[in-house]
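What follows is calculated from the coordinates using simple rules that are stated; it is not laboratory data. Given the structure is predicted, the values throughout are model-derived calculations rather than measurements. Methodologically, a virtual Cβ is constructed for each residue, glycine included, from the backbone with ideal geometry; neighbour enumeration extends over all protein chains shown.
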Amino acid sequence: MQQKLTLVLGSKDRSSWSLRPWLFLRHHEVPFEEIVLPLGQPGSRTRILEYSPSGKVPCLLHGPLKIWESLAICEYAAETLALPQAWPLDPGARALARAMAAEMHAGFADLRRELPFDALRKPAPHTPGEQAAADIARVLALWREARSRHGQGGPWLFGRFGIADAMFAPVALRFHAYAVALEGPERQYVYNLLMHPAVQEWLDAAASERPQEPVAETPAERTAEFMVEPEPAAEARRYVDDPSETQESPLAETYRDLPRPAAMKSGEESLADLLAPRDPATRPAPAPVPVIESQAAEQVPVDLVKLRSFILPP
Ligand SMILES: N[C@@H](CCC(=O)N[C@@H](CS)C(=O)NCC(=O)O)C(=O)O
């Protein structure tokens, strides 16, 4: 018997934690239902508690299971659905990815407080206090380390999109919204996340959840500051339909002098490939929703040879 997955989320304009597992599941084309609950309103807590024992979102419902905490949800999805490369296979890279995800999960309180998540904020600079500035510098250093040491296989922190990327996606949106000065690989990384089709889908949904207020940014404006000469390939501009619109943006002017983000090395999964619409005929079938009782050990995406050599003495 298959049991559907339901992800209980907070409103998409405000709930940074909810974005993490949502993005991780969407990236892997896992079918799931959503229950979106408004945050910060009189009945919010009672409504959340109907689903989530912690009184917080996100919470994943799967048959009798209720899994709260964004990191635990991503781990559960990776293990039961055997999602590829949720963590890197190399033990050193894997440890770094886990440490980074845990640090993001538990830390950066000043950054969170000073730069609250607001998916619809029109990008505007904010001068951070000393502690928040230190948090920002730390996040950027982590990204740089992951990309430079382990990012050769693709555009994400450890090459292929994994849990570490899902965990850092909200902070990347914060950096965009508060116009944090970015350069080199970090700038490219924020751009990659911002252009991820699922992130764009999240931002569009956030905008439609707040119909009474003017939409803070058009899709073109969202990525305007990244538009430098020459323009990215057409596929990478999927959400930037009118280039003239981007040229009018003051942010585009500000960033025009910056070099174009480094192209992927040959053989790597290029951003254009990543973003190109897939032919429905060749699209892989969505991963089946698992039957918990029959979870097979070999579904877990671990390279057993490497694991054995790691655990056993030479
Ligand atoms: N560490 C938790 C944090 C969850 C959390 O703080 N969620 C916020 C929304 S982003 C929440 O549910 N707040 C309850 C409320 O505002 O009533 C996780 O990773 O899932």
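In what order do Met167, Met195 fall by count of nearby beta-carbon atoms within 10 Å, going from fewest to most?
Details: Met167 26, Met195 23.
Listed from fewest to most nearby Cβ atoms, that is Met195, Met167.
Given labels modelled 7 Å from the Cα in the Cβ direction, how far is it in nm from Gln3 to Arg98?
Once both label points are built, they end up 2.6 nm from each other.
Report ³J(HN,Hα) in whole Hz for each residue of segment 161-174, in order, from the Karplus equation J = 6.51 cos²θ - 1.76 cosθ + 1.60 where θ = phi - 60°; Gly and Pro get x.
Rounded to whole hertz, the list is 5, x, 4, 4, 5, 4, 5, 8, 4, x, 5, 5, 5, 5.
Using only alpha carbon positions, build the gyration tensor of segment 4-125, then give the equivalent ellipsoid semi-axes as the square roots of 5 times its eigenvalues, largest first, whole angstrom.
Sorted largest first and rounded, they come to 24, 21, 13 Å.
For Arg144 and Asp204 in one chain, what is 0.36 nm times their gap in residues minus the Cα-Cα distance, to one decimal in nm? Present the calculation step by step, with values, prior to reporting the outcome.
Details: separation 60, 0.36 × 60 = 21.60 nm, distance 2.89 nm.
Using 0.36 nm per residue and subtracting the Cα-Cα distance, I get 18.7 nm.
How many nm separate the modelled label positions at Arg47 and Arg112, each set 7 Å beyond the Cα in the direction of the Cβ?
2.2
With θ taken as phi - 60° and the coefficients 6.51, -1.76 and 1.60, list the Karplus ³J(HN,Hα) couplings across segment 127-142 in order, rounded to whole Hz; mark glycine and proline as x.
Working through the residues one at a time gives 8, x, x, 4, 5, 5, 5, 5, 4, 4, 4, 5, 4, 5, 5, 5 Hz.
If I stretch the segment between Ala137 and Asp90 completely, what's the gain in nm (0.36 nm per residue apart, minus their alpha carbon distance), one decimal?
In short, 14.3 nm is gained.
Work out how much length Glu79 to Glu34 would gain on full extension: take 0.36 nm times their residue separation and subtract the Cα-Cα distance, in nm to one decimal.
The span from Glu79 to Glu34 would gain 14.1 nm if fully extended.
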